[in-house]
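The values are calculated or read from the model by the stated rules, or taken from the named source; none is laboratory data. All values derive from a computational prediction rather than experimental measurement. In this analysis, Cβ positions are derived from the backbone assuming ideal geometry, glycine residues included, and neighbour counts consider all displayed protein chains.
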Amino acid sequence: VKSIAVLTSGGDSQGMNAAVRAVVRSALFHGLEVYAVQRGYYGLIHDDIRQMDLRSVGDIIQRGGTILQTARCKEFLTEEGRQVAVENLRRRGIDGLVVIGGDGSYQGANKLSQLGIKTMGLPGTIDNDIPFTDFTIGFDTAVSIVVDAINKLRDTMTSHERSSVVEVMGRHCGDIALYAGLASGAEAILVPEVPFSIDDIADRMKENFQHGKRHSIIIVAEGVGRGEDIACQITERNGIEPRVTVLGHIQRGGTPTHNDRILASRLGDFAVRQLMAGDSGKACGIINGELVATPIDQVVATKKTFNKDLYDLALRLSQ
Ligand code: ATP
């Protein structure tokens, strides 16, 4: 490839800017022309494309959100919409594209690859729900935001309320709940990947309080249901009335952690090098520290494996 574009698509996540910066700077370093597409696939269809230079991505590595903005675009789901997108790229001589987003965005990238544009996907989502990478860009920051929030809840809980239910994001994936739960010493972690019994949780809470436990945190992944409902079910069983906190979109904001910036930088540079090598229709990830590119077909057809060892560890340590 001689000229590439980069876009962000789907839900935003912290570290997307660091990834955009890495793609732009790495492409320029290798002598490619590089363009940015505003608002994901919408901008591709509506020709909202501009050329980037080294300075275009200055002062963004530390910023949350995405300077390229993101969108969900219905037109791109149609054959005609995608044809317009390809024509817009071709007219500028752009023959490669890096798509930063979730699995829906990956599928879009795959379709463009089939139409002759070389594409690479980067996992940009806080949910950590994408297989063939240990972590997605934004996940580490989201977890640290949840842990920070729970630290604050603990302070006030020890003084007043004795129990909290914290609902966290992650869609169908329990990883934010799992990692934040382990890191903050949660008493129970409810995730969609592992069956649980509210009876057992309620009994254990009651026992622990009888044995002098001063506070308890129950983390509920949104894929399991609403924190409010879980709290009601607990109260019905043991009389304890947990306070409910729904963290919501604050989990998706703020400055990315160094881990997310490094992950984004490595993946962005890798995607450019893969495109230069002629690769296409692949999703980039890091597995056990190694950079890997996996066919998007395989990525979207595979369910992310849940780390049961970490889950069991969290259980053992929460007595
Ligand atoms: P996240 O899960 O983090 O929100 P995502 O990338 O999965 O991110 P989606 O809304 O599923 O978010 O997808 C983003 C955009 O990608 C869609 O608005 C659409 O334009 C495009 N897209 C999604 N699925 C497909 C598909 N099967 N074929 C072509 N394009 C698609």
Unique residue being crowded, with 22+ Cβ neighbours inside 10 Å, within 12 Å of the ligand (Cβ to nearest atom) and in contact (Cβ under 8 Å) with a residue 40 or more places away in the chain when the list is LEU89, LEU97, LEU44: LEU44
Yes/no for ARG25 being more than 21 Å from HIS258 (Cα to Cα), of a type in the set (Lys, Arg) and modelled with pLDDT of 95 or more: no
Given (1) surrounded by 16 or more Cβ atoms within 10 Å (Cβ to Cβ); (2) assigned to a loop (DSSP other than H, G, I, E, B), index of the condition GLY278 fails: (1)
Options ARG55, ARG91: the member that is farther than 21 Å from SER280 by Cα and among the basic types (Lys, Arg): ARG55
Residue within segment 102-109 that is part of a loop (DSSP other than H, G, I, E, B) and closer than 30 Å to TYR179 by Cα present: yes
Among the residues listed as THR257, THR294, the single one being touching a Phe, Trp or Tyr at 6+ places or on another chain (Cβ under 7 Å), crowded, with 16+ Cβ neighbours inside 10 Å and of a type in the set (S, T, N, Q): THR294
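Report yes if VAL146 is crowded, with 18+ Cβ neighbours inside 10 Å, within 16 Å of the ligand (Cβ to nearest atom), among the β-branched types (Val, Ile, Thr) and touching a residue at least 40 places away in the same chain (Cβ under 8 Å), otherwise no. Give the steps one after another, and end with the answer.
Values: crowded, with 18+ Cβ neighbours inside 10 Å: yes; within 16 Å of the ligand (Cβ to nearest atom): no; among the β-branched types (Val, Ile, Thr): yes; touching a residue at least 40 places away in the same chain (Cβ under 8 Å): yes.
For VAL146, the condition - crowded, with 18+ Cβ neighbours inside 10 Å, within 16 Å of the ligand (Cβ to nearest atom), among the β-branched types (Val, Ile, Thr) and touching a residue at least 40 places away in the same chain (Cβ under 8 Å) - is not met.
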Residue ID - nearest to the ligand (Cβ to nearest atom), chosen from residues in segment 66-86 that are among the polar types (S, T, N, Q) and surrounded by fewer than 16 Cβ atoms within 10 Å (Cβ to Cβ): THR78
